[in-house]
1. Report, ordered by the first and then the second residue, all pairs with beta carbons closer than 8 Å, sequence separation of six or more or different chains, a first member in the stretch 53-69 that is over 17 Å from V41 (Cα atoms), and a second member that is of a type in the set (K, R) and open to solvent by 40 Å² or more (accessible area, probe 1.4 Å).
2. Please identify the pairs in which a residue from the stretch 27-38 that is more than 16 Å from A13 (Cβ to Cβ) and in contact (Cβ under 8 Å) with a residue 40 or more places away in the chain has its Cβ atom under 8 Å from the Cβ atom of a residue that is part of a loop (DSSP other than H, G, I, E, B) and open to solvent by 90 Å² or more (accessible area, probe 1.4 Å), counting only partners at least 6 apart or on another chain.
3. So in the stretch 1-31, with the set limited to residues that are among the charged types (D, E, K, R) and open to solvent by 100 Å² or more (accessible area, probe 1.4 Å), which one is farthest from I58 (Cα to Cα)?
4. Residue check, R24 against (1) touching a residue at least 12 places away in the same chain (Cβ under 8 Å); (2) part of a strand (DSSP E or B), all met but one. Which one?
5. Within the stretch 48-67, which residues are open to solvent by less than 40 Å² (accessible area, probe 1.4 Å) and out of contact with any Leu (no Cβ under 7 Å at 6 or more places or on another chain)?
6. If a residue has to be surrounded by fewer than 15 Cβ atoms within 10 Å (Cβ to Cβ) and not in a loop (DSSP other than H, G, I, E, B) to count, how many in the stretch 32-47 make the cut?
Amino acid sequence: MSWPSTKAKRVVAALKRIGWTVKRQSGSHRTLEREGWPDYVFAFHDKETIGPKMMARIAKKTGLTPGDL
């Protein structure tokens with residue numbers, strides 16, 4: 001599966017669409033929660049670009065797919 005480089009704001013929007021919600025936020029660190037998954041700390045500024053390798057890591061822990069973006 002190949003991932004595009006994507007802005008963090010778009011990744012957060014996609015995570016919210018698949019059921020993740022922001023539990024709490026401290027600066028750029030957002031703790032996301034979703035039923036049946038361990039909490040995930042998303043630590044990127046909205047305008048930051050996330051590369052393919054990091055996108056794959058995020059996907060593994062959150063269930064995100066390239067089609068969700």
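1. Listed by first residue and then by second, the contacts come to D68/R17; L69/R10.
2. Filtered contacts from the stretch 27-38: no entries.
3. If we filter the stretch 1-31 for residues that are among the charged types (D, E, K, R), which is where we start, we get 7, 9-10, 16-17, 23-24, 30.
Right, trim to open to solvent by 100 Å² or more (accessible area, probe 1.4 Å) and you get 7, 9-10, 16-17, 24.
Values: K7: 13, K9: 14, R10: 13, K16: 14, R17: 15, R24: 18 Å.
By that ranking, first place goes to R24.
4. Of everything listed in (1) touching a residue at least 12 places away in the same chain (Cβ under 8 Å); (2) part of a strand (DSSP E or B), R24 misses just condition (1).
5. First, the residues of the stretch 48-67 that are open to solvent by less than 40 Å² (accessible area, probe 1.4 Å): 50-51, 55, 58-59, 62-64.
I50, G51, M55, A59, G63, listed by residue number.
6. The first filter runs over the stretch 32-47 and keeps only residues surrounded by fewer than 15 Cβ atoms within 10 Å (Cβ to Cβ), leaving 33, 35-39, 41, 43, 45-47.
Within this subset, residues satisfying the condition of being not in a loop (DSSP other than H, G, I, E, B) are 33, 37-39, 41, 43.
Adding up the residues that qualify gives 6.
The values are calculated or read from the model by the stated rules, or taken from the named source; none is laboratory data. If you're wondering where the values come from, they're calculated on a predicted model, not measured in any experiment. All Cβ positions, even for glycine, are placed from backbone atoms using ideal geometry, and neighbour counts span all protein chains on display. The area values use the complete protein model at the heavy-atom level, side chains included, leaving out ligands, DNA and RNA. Shrake-Rupley method; radii C 1.70, N 1.55, O 1.52, S 1.80 Å.
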